[in-house]
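> Structure incoming, see below.
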Amino acid sequence: MAPCSRILGLAAATLLALVASSGHAYKEKPSVFSFTTIAVGYQLGGPNLAPQIRVDPRDAPGVLRAAKDLASDFGRVLGVNGTVVVADWSATITEKAVAKPVILIGTIGQSSLVDNLVSTKKLDTAEIAGKWETFTYRVVSTPWEGRDAVFVIAGSDSRGATFGIYDVAERIGVSPWHYWADVVPAKRQNIWANNLTHIEGPPSVKFRGIFLNDEAPALTGWGKANFKASQYGSSFGSEFYSHIFDLVVRLKGNYVWPAMWSSMFYLDDAKNGPLATEYGIFMGTSHHEPMARADKEQSRFLKGSWDWKSNKAGVQAFMQEGATRSKNWSTIYTLGMRGSGDAASATLSSSALEEIIAWQQQTLTKTLGKPLSDIPQAWVMYKEVPGYWKKGMNVSQDVTLLWSDDNRGNIRRIPIGDEEKRRGGSGMYYHFDYVGDPRNYKWINTIQLQKTWEQMTLAHDSGNKNIWIVNVGDLKALELPTAHFMALAWDRNSFDTPDSTRGWLQAWSAKQFGEDAAEAAASIMTVYGKLTARNKYEDLSMTPFAFQTSNYDEAELNYKEWVDLLDQAQSVYDKLPVAIQDSFFELVLHPVLAGKTVFEIYTKVALASRYATEKRISTNQLAKDVQAAFTADQVITKRFHSLKGGKWNHFMDQTHLGYNNWQEPSSNTIPRPTTITAASGNALMGVTVQGSTSAFPATTKLTSLTVSKFDPPGLKRYFDIFARADGSFAYEVTSNSSFLDVVSRQGTATSPGSNSDLRVFIKPDWASTPAGLSTAALTITNLNSTGQVATVIVTVENPSVPADFEGHIEADRTVSIEAEHFSADSSKDYVVIPDYGRTLSGVRLPPRTPSQQPAKGPALVYPFYTFTNAADASVTVYLGPSENANPDSPNRFSITLDGGSPTTVQVVPLTDGSSQPAGWSDAVIRGAYVKTSKVGKLAPGKHELKLFLLEPTMIVTKIVVDVGGVKSSLLGPPESFIMA
């Protein structure tokens, strides 16, 4: 049977076919708007025509503000603004006929405009009434005598009405990122609304928002350059926060933790608190800032030390002031207490925290005059805090247990036992930015959206859905993951299939850059997420986790993916209208360009180190390339800072090159590449083979990697011929075998120049290659220097496989399997997440799956075929860096081989809840837990590996069977040939 590159019977193949036909099943609600010259429905805008927007004067201030924004948004797309009229129902129906289209906006129970349409049965709001933050909009025919139609936006509450307004704005063409990413509004000649009813809400997560953090130097420098500083030195006043709040409500969010490194939200500008409430934003404070008081207030206003044990009266007075100050504003109160300066406290205990929280709640009920059930409260289970909770605490059920990730995007906890039943529920504090061990990451986006989907759907579906707050650092450069996170929080059900993130990304890209660029932009940022999942920029200097320069061509191939991605991104940018190019640069091209440049620096430094041992003169060119890339990094920063006349100056001030510990370097520094002294005389030729560190002339006889009929698809064996000094030489390759040749037998290497290093691919003739193992020799002769002859010994493997076999096939004494390529016999309980992780995808159980017993639950089945008689085989399983989110059921998997006894592996060690597990740092740096199990003797022939994931809190990406050939690498061997 002829070999094929896929298993046609794989369950995964069927699944992927369904995914492809579904068009990435993100389920965004269809738009009621069209933009043609003539359409059916109600015209809201046209040439020199914009709507009159009416709001009841008794409605919430935030609704009136949003209505004014909508009038301006119509102007952004039509060229002529709408007008806003503040009037009640009686003034509306008695006014003379208005020639313009009319939009009525209101909150049920607060707007006579909406309430009268409901009472006259012109508008049905039963489906939204009484719900949290829900809205509807539609055309209403003959709302009153003399008026043919109006367009109505109605909210179940004031935020529902506000979200409805901004939803209309986005759908007619104004992106939430109009300010923060310079997204150009779509230009419309006409806007029509059809006769369909649009309804959204309630949200999947009750409180949804962002945390501005780690905001120096970038956001702080930008703020100082653009906004007036307060008496305390911060520039983050109401003018700044108006831009933040506008973004959050347009993203249908309602929650913000303010910048706090050098700021005091309520004191920096007296308008800040009222402004947030006007927008409908609940303000909170971070995990170590209880009772609505900023960390920086402690050093200025606290009498005594920040210690409950020794200074209870001083701490209580300080906290009381926070409650008193914020009592008239929308606030979610952070409860509990940690040590000073975002650290653990040496004096706190579980019993002390019980006392603190009880006092805080009593203070809130007394100060606000409300029952606890009406006061939003969050106790952030960050770092050491879960350790206190684990010891057993009696805390009111009205407080939300706000669990955290591990600062690297892996959630540490889902609700267990009765926690999900708490009145306050549970939530999640997540990170897209972090300062701390093992390294800061706060420069530009290194977030893989598919991982966010996997972790946050796990969180939501497990019960963490009362609060979601995400650390977005400076915000700028994290626009994409922020938009994705907020979309998930608003409507998790729109993301109910594993491929929905890709669908969302394409829909989102269409709104920012237009339909023509949407698919390409989505593809680019999907690959970008995969590349950054392998290594964050700040981690690249950690050599124990570097890409291999020899094994599997890992460093070269990874860098080539960056180069190819940049080519694609630049091509899309070049074809865009000039007006759209800035936003595309900020959101797509810049991260790819900047990321490729950083990877070029570290990749070429690593390659130069290897080339130097081989005495390649191109080592010195690599050193020059590194210096050029370092200069290019500075040029890219200047380009970003010059956008829009310097609008975003300082946003790329963050250092990102030269890390040597967890903390950022004081300045960008270039890693020093190796250089060499050129060889002397005429012995210019050097030769090295793929996957080896030996080189000619130091070694005259080199051994190539085995060439197999079943090498991974796309893999080609080769050797390199290179110059050892500047000059030129001709070479010739001859073979002592009729079945082995090379693609190019002759050539000339010249240095300096692009021909300094020449790659010669080995070409077997499989039709004439003997069955089994054969050996041939390739001779490389320097035609310009007597005696310069190198020999490459090549083993050629031409084995046979039974005609009825379907599965992966060994080559180079390795079987490498991408997790999604399981057989049709596998359990249908598993879910494939396309584009997850570092190579292809991930596989997991659904979030609500109960814990499984070893080797007894749903199985992933992987048939494979080997030729090597292995005395001590092993199986390595690559998993996502997920934590033990359920501490009662730690992440474990079982494997069985050929129906034998199971081997069960616990992936993540248990902890007391106050610290990270052993091995955590390694796992998050390389983006995977890698677990190897010895399986003993393995004879040649057909085998079947079964993998059982025992928990829904883990995800598998790759499995590798080693029969004696697996080499060290970051990503593992490339996937083996698949026979069908």
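The values are calculated or read from the model by the stated rules, or taken from the named source; none is laboratory data. All of these numbers come straight from a predicted model, not from anything done at the bench. Every residue, glycine among them, receives a Cβ derived from its backbone with ideal geometry; neighbour counts consider all protein chains shown.
> Regarding the range 334-344, can at least one residue be identified that is buried (at least 20 other Cβ atoms within 10 Å of the Cβ) and among the hydroxyl-bearing types (Ser, Thr, Tyr)? Quick ask: steps written out before the conclusion?
Kept after step one, since they are buried (at least 20 other Cβ atoms within 10 Å of the Cβ), are these residues of the range 334-344: 334-338.
Now restrict to residues that are among the hydroxyl-bearing types (Ser, Thr, Tyr): 334.
Checked against the condition, which is being buried (at least 20 other Cβ atoms within 10 Å of the Cβ) and among the hydroxyl-bearing types (Ser, Thr, Tyr), the range 334-344 yields at least one hit.
> Report the residue count in the range 169-183 for those that are within 21 Å of Phe151 (Cα to Cα) and either touching a Phe, Trp or Tyr at 6+ places or on another chain (Cβ under 7 Å) or not assigned by TED's automatic domain parsing to the domain that holds Ile103 (or both).
2
> May I ask you to verify whether Gly106 is buried (at least 23 other Cβ atoms within 10 Å of the Cβ) and either under 16 Å from Ile172 (Cβ atoms) or basic (Lys, Arg) (or both)?
Here the answer is no, as Gly106 does not meet what is asked.
> Mind listing whichever residues of the range 462-487 are out of contact with any strand residue (DSSP E or B) (no Cβ under 6 Å at 6 or more places or on another chain) and closer than 19 Å to Met381 by Cα?
Once the filter is applied, which keeps residues that are out of contact with any strand residue (DSSP E or B) (no Cβ under 6 Å at 6 or more places or on another chain) and closer than 19 Å to Met381 by Cα, the range 462-487 yields Ser462, Lys465.
> Here's something else I'd like to know. Let me spell it out: the conditions are (1) over 18 Å from Gln43 (Cα atoms); (2) of a type in the set (Gly, Ala, Ser); (3) surrounded by fewer than 24 Cβ atoms within 10 Å (Cβ to Cβ), and Gly155 meets all of them except one. Which number is the exception?
The single condition Gly155 does not satisfy is (3).
> While we're on this one: Is there any pair with a first residue in the range 784-795 that is in contact (Cβ under 8 Å) with a residue 12 or more places away in the chain and a second that is small (Gly, Ala, Ser) and in a strand (DSSP E or B) whose Cβ atoms are under 6 Å apart and which are 6 or more apart or on different chains, and what are they?
Taking only residues 6 or more apart or on different chains, the pairs are Asn784/Ala730; Thr791/Ala777; Ile793/Ala777; Val794/Ala776.
> Go through (1) surrounded by fewer than 19 Cβ atoms within 10 Å (Cβ to Cβ); (2) not basic (Lys, Arg); (3) not assigned by TED's automatic domain parsing to the domain that holds Ala378 one by one and return the number of the condition Gly201 breaks.
Among (1) surrounded by fewer than 19 Cβ atoms within 10 Å (Cβ to Cβ); (2) not basic (Lys, Arg); (3) not assigned by TED's automatic domain parsing to the domain that holds Ala378, the lone unmet condition for Gly201 is (1).
> Condition (residue is crowded, with 21+ Cβ neighbours inside 10 Å, of a type in the set (Gly, Ala, Ser), in contact (Cβ under 8 Å) with a residue 40 or more places away in the chain and touching a Pro at 6+ places or on another chain (Cβ under 8 Å)) applied to the range 481-500: is it met by at least one residue?
Checked the range 481-500: at least one residue is crowded, with 21+ Cβ neighbours inside 10 Å, of a type in the set (Gly, Ala, Ser), in contact (Cβ under 8 Å) with a residue 40 or more places away in the chain and touching a Pro at 6+ places or on another chain (Cβ under 8 Å).
> Give the residue that is nearest to Pro863 (Cα to Cα), with candidates limited to residues of the range 769-800 that are within 46 Å of the chain's Cα centre (by Cα) and surrounded by 20 or more Cβ atoms within 10 Å (Cβ to Cβ).
Filtering the range 769-800 for residues that are within 46 Å of the chain's Cα centre (by Cα) and surrounded by 20 or more Cβ atoms within 10 Å (Cβ to Cβ), the one nearest to Pro863 (Cα to Cα) comes out as Glu797.
So that you can scan it fast, the table gives a plain yes or no per residue for (1) under 30 Å from Gly529 (Cβ atoms); (2) of a type in the set (D, E, K, R):
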| residue | (1), (2) |
| --- | --- |
| Gln362 | no, no |
| Val399 | no, no |
| Asp405 | yes, yes |
| Asn410 | yes, no |
| Pro438 | yes, no |
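> Could I ask something else about it? Quick check, is Thr142 without any contact (Cβ under 8 Å) to a residue 40 or more places away in the chain and either among the hydroxyl-bearing types (Ser, Thr, Tyr) or under 23 Å from Asp246 (Cα atoms) (or both)? Explain how you work it out, then say what you get.
On the way: without any contact (Cβ under 8 Å) to a residue 40 or more places away in the chain: yes; either among the hydroxyl-bearing types (Ser, Thr, Tyr) or under 23 Å from Asp246 (Cα atoms) (or both): yes.
Judged against the criteria, Thr142 is a match.
> If you take the residues in the range 1-58 that are at pLDDT below 50 and not hydrophobic (A, V, I, L, M, F, W, C), which one is surrounded by the fewest Cβ atoms within 10 Å (Cβ to Cβ)? First the steps, then the outcome.
Taking the range 1-58 and keeping what is at pLDDT below 50, we get 1-22.
Still in the list and also not hydrophobic (A, V, I, L, M, F, W, C): 3, 5-6, 9, 14, 21-22.
Details: Pro3: 14, Ser5: 12, Arg6: 16, Gly9: 14, Thr14: 12, Ser21: 8, Ser22: 13.
Among those that are at pLDDT below 50 and not hydrophobic (A, V, I, L, M, F, W, C), it is Ser21.
> Within the range 741-763, identify whether any single residue is buried (at least 22 other Cβ atoms within 10 Å of the Cβ) and either at pLDDT below 95 or within 25 Å of Val960 (Cβ to Cβ) (or both), and answer yes or no.
yes
> In this structure, does Pro858 turn out to be within 14 Å of Met954 (Cβ to Cβ) and in the same structural domain as Val966 (by TED's automatic domain parsing)?
Numbers: within 14 Å of Met954 (Cβ to Cβ): yes; in the same structural domain as Val966 (by TED's automatic domain parsing): yes.
So Pro858 passes the test.
> Follow-up question, since we're still on this one. Residues of the range 433-452 being in contact with a His (Cβ under 8 Å, 6 or more places away or on another chain) and not polar (S, T, N, Q), which ones?
First pass over the range 433-452, keeping only residues in contact with a His (Cβ under 8 Å, 6 or more places away or on another chain): 443-444, 449, 452.
Within the range 433-452, Trp443, Ile444, Leu449 meet the criteria.
> Which of the helices (runs of 4 or more DSSP H) contained wholly in the range 260-324 include at least 2 residues that are closer than 25 Å to Val249 by Cα and not aliphatic (A, V, I, L, M)?
Details: elements: 265-268, 272-279, 295-301.
Where helices (runs of 4 or more DSSP H) fall fully within the range 260-324 and carry at least 2 residues being closer than 25 Å to Val249 by Cα and not aliphatic (A, V, I, L, M), they are 265-268, 272-279.
> Also: Just to check your reading of the model, which residue among Ala606, Ala629, Ala594 is surrounded by 19 or more Cβ atoms within 10 Å (Cβ to Cβ), in the same structural domain as Leu657 (by TED's automatic domain parsing), under 23 Å from the mean Cα position of the chain (by Cα) and in contact (Cβ under 8 Å) with a residue 24 or more places away in the chain? Please lay out each step first, then the result.
Values: Ala606 fails: under 23 Å from the mean Cα position of the chain (by Cα); Ala629 fails: under 23 Å from the mean Cα position of the chain (by Cα).
Going through Ala606, Ala629, Ala594 in turn, the sole match is Ala594.
One line per residue, one yes/no per condition, for (1) closer than 27 Å to Glu810 by Cα; (2) surrounded by fewer than 14 Cβ atoms within 10 Å (Cβ to Cβ); (3) touching a strand residue (DSSP E or B) at 6+ places or on another chain (Cβ under 8 Å); (4) acidic (Asp, Glu):
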site: Pro665; (1), (2), (3), (4): no, no, no, no
site: Lys709; (1), (2), (3), (4): yes, no, yes, no
site: Phe719; (1), (2), (3), (4): yes, no, yes, no
site: Ala730; (1), (2), (3), (4): no, no, yes, no
site: Asp765; (1), (2), (3), (4): yes, yes, yes, yes
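> Do we have Lys366 as modelled with pLDDT of 95 or more, exposed (fewer than 15 other Cβ atoms within 10 Å of the Cβ), farther than 16 Å from Ala292 by Cβ and assigned by TED's automatic domain parsing to the domain that holds Glu289 here?
Details: modelled with pLDDT of 95 or more: yes; exposed (fewer than 15 other Cβ atoms within 10 Å of the Cβ): yes; farther than 16 Å from Ala292 by Cβ: no; assigned by TED's automatic domain parsing to the domain that holds Glu289: yes.
Answer is no for this residue.
> Separate question: Hey, can you tell me all the residues within the range 508-518 that are within 17 Å of the chain's Cα centre (by Cα) and either of a type in the set (Gly, Ala, Ser) or not in a helix (DSSP H, G or I) (or both)? Break it down stepwise before answering.
Step one: list which residues in the range 508-518 are within 17 Å of the chain's Cα centre (by Cα), which gives 508-509.
The answer is Ser509, and nothing else.
> Name the pairs: first residue in the range 65-89 and surrounded by fewer than 21 Cβ atoms within 10 Å (Cβ to Cβ) and outside any loop (DSSP other than H, G, I, E, B), second residue modelled with pLDDT under 95 and not β-branched (Val, Ile, Thr), Cβ to Cβ under 8 Å, at least 6 apart or on different chains?
Matching pairs, first to second residue: Thr83/Lys100.
> Would a scan of the range 310-318 turn up a residue that is surrounded by 17 or more Cβ atoms within 10 Å (Cβ to Cβ), at pLDDT 95 or above and either outside the structural domain of Lys391 (by TED's automatic domain parsing) or of a type outside the set (A, V, I, L, M) (or both)? Spell out the reasoning first.
Our first condition is that a residue be surrounded by 17 or more Cβ atoms within 10 Å (Cβ to Cβ); within the range 310-318, this holds for 315, 318.
Okay, now just the ones that are also at pLDDT 95 or above, so 315, 318.
Those left that are additionally either outside the structural domain of Lys391 (by TED's automatic domain parsing) or of a type outside the set (A, V, I, L, M) (or both): 318.
Scanning the range 310-318, I find at least one residue that is surrounded by 17 or more Cβ atoms within 10 Å (Cβ to Cβ), at pLDDT 95 or above and either outside the structural domain of Lys391 (by TED's automatic domain parsing) or of a type outside the set (A, V, I, L, M) (or both), so the answer is yes.
> Next question. Return yes or no: is Tyr528 crowded, with 22+ Cβ neighbours inside 10 Å, under 15 Å from Gln448 (Cα atoms) and not assigned by TED's automatic domain parsing to the domain that holds Arg844?
So Tyr528 passes the test.
Residues are listed down the side, and each one gets a yes or a no for (1) more than 19 Å from Gly280 (Cβ to Cβ); (2) in contact with a strand residue (DSSP E or B) (Cβ under 9 Å, 6 or more places away or on another chain):
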residue	(1), (2)
Ala97	yes, yes
Val102	yes, yes
Ile105	no, yes
Gly130	no, no
Tyr166	no, no
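> Filter the range 304-316 down to the residues that are farther than 20 Å from Phe265 by Cα and either touching a Pro at 6+ places or on another chain (Cβ under 8 Å) or free of Cβ contacts under 8 Å to residues at least 24 places away in the same chain (or both) and list them by number.
Those that are farther than 20 Å from Phe265 by Cα and either touching a Pro at 6+ places or on another chain (Cβ under 8 Å) or free of Cβ contacts under 8 Å to residues at least 24 places away in the same chain (or both): Gly304, Asn311, Lys312, Ala313, Gly314.
> Those residues that are assigned to a loop (DSSP other than H, G, I, E, B) and among the hydroxyl-bearing types (Ser, Thr, Tyr), I need them from the range 220-259; list them, please. So that I can check it myself, show each step before the final result.
Looking only at the range 220-259, we keep the residues that are assigned to a loop (DSSP other than H, G, I, E, B), and these are 227-237, 251-254, 258-259.
Within the range 220-259, Ser230, Tyr232, Ser234, Ser235 qualify.
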